[in-house]
Amino acid sequence: MAIITLTTDMGLKDHYVAVVKGAILRQLPGAVIVDVSHSIRPFDNAQAAFVLRNTYPEFPRGTIHIIGVNPEADGQTPHLVVRHDGQYFIGADNGIFSLLFDGKPHEAFELTMKIEDAHVTFPTKSVFVAAACHLARGGTADVIGRKVITIKEQIGFQPAVDTASIRGRVIHIDGYGNLVTNIRRATLDDVGRGRSLRIGFASPEDDIVKLHTTYSDVPQGDRVAFFNAMGLLEIAVNKGVEGHGGGASRLFGVTVNDPVRVDFENRLEPVGR
């Protein structure tokens, strides 16, 4: 049985997620449904793409991912089934797919299924579930859609670099209040070339001047910076917990999109030394 995952901004307070799951099970009894997240900030394509792009590589080929964030379609925003890395992604062509992958997806199909007008206000349930169940039963995307060559692009923020600094931003805050940035290890290695660094993200007295490997490299309650499993620079507080006064976001007053700067000492070692 194929796996169907759900990534939405619907939360768990209301009935919406249960309705989507019920619709899947009604059409495909015994389906394996996996919740990726239902706590995406409302209408936030960037956060949805960040969470899913760091999740889907761990799933087997043939997995189907429903993206219930900004799911509405109009004359300029069709619904798509996208195939990439042997998996399927179903959502609206609102720019999210350009944030989800490095480069263009392998194939994209505009959904052409006929749906009753009474159900268009909840496309995650009516459109996406029908498409997912069709694929899970072994159906092909070209039966329910027409192939398209281009998809809508949404430009992701890239760090600015020069010989002395990298200027990035916080792109995600996890449940512990840890700050995940868009600064990659390869970028830091390329610009820094082994030089001493200073990481600024809040007040100057909070700057970090050394990279570590993981949280426990510093005493409990201390700030720490390291590259996480995604290869992104992360700033955290060892054993800090968001909601209990201890997360880095709360302690330092940093939120998503706030700047993070890495400055290097001026002296560059000659290449080859």
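What number goes with the only condition from (1) small (Gly, Ala, Ser); (2) farther than 27 Å from PHE252 by Cβ; (3) under 17 Å from the mean Cα position of the chain (by Cα) that ALA132 does not pass?
For ALA132, the failing item is (3).
Based on this model, can you work out whether ILE151 counts as within 17 Å of the chain's Cα centre (by Cα), under 30 Å from ASP74 (Cα atoms) and of a type in the set (A, V, I, L, M)?
No: the conditions fail for ILE151.
Among the residues of segment 44-58, are any touching a residue at least 24 places away in the same chain (Cβ under 8 Å) and surrounded by fewer than 13 Cβ atoms within 10 Å (Cβ to Cβ)?
Taking every residue of segment 44-58 in turn, at least one turns out to be touching a residue at least 24 places away in the same chain (Cβ under 8 Å) and surrounded by fewer than 13 Cβ atoms within 10 Å (Cβ to Cβ).
Just need a number here: residues in segment 10-43 that are outside any helix (DSSP H, G or I) and either over 13 Å from the mean Cα position of the chain (by Cα) or farther than 15 Å from ASP174 by Cα (or both).
16
Select, from SER216, SER196, SER203, the only residue that is polar (S, T, N, Q) and within 13 Å of ASP263 (Cα to Cα).
Details: SER216 fails: within 13 Å of ASP263 (Cα to Cα); SER203 fails: within 13 Å of ASP263 (Cα to Cα).
Only one candidate passes the filter, namely SER196.
For segment 1-10, give me each residue that is modelled with pLDDT of 95 or more and either surrounded by fewer than 17 Cβ atoms within 10 Å (Cβ to Cβ) or over 17 Å from ALA131 (Cα atoms) (or both). Steps first, answer last, please.
In the first step, residues of segment 1-10 are kept if they are modelled with pLDDT of 95 or more; the result is 3-10.
Matches in segment 1-10: ILE3, ASP9, MET10.
The values are calculated or read from the model by the stated rules, or taken from the named source; none is laboratory data. What you see is a predicted model; the values in this text were computed from it and never measured. FYI the Cβ positions are ideal-geometry reconstructions off the backbone, even for glycines, and counts take in every protein chain you see.
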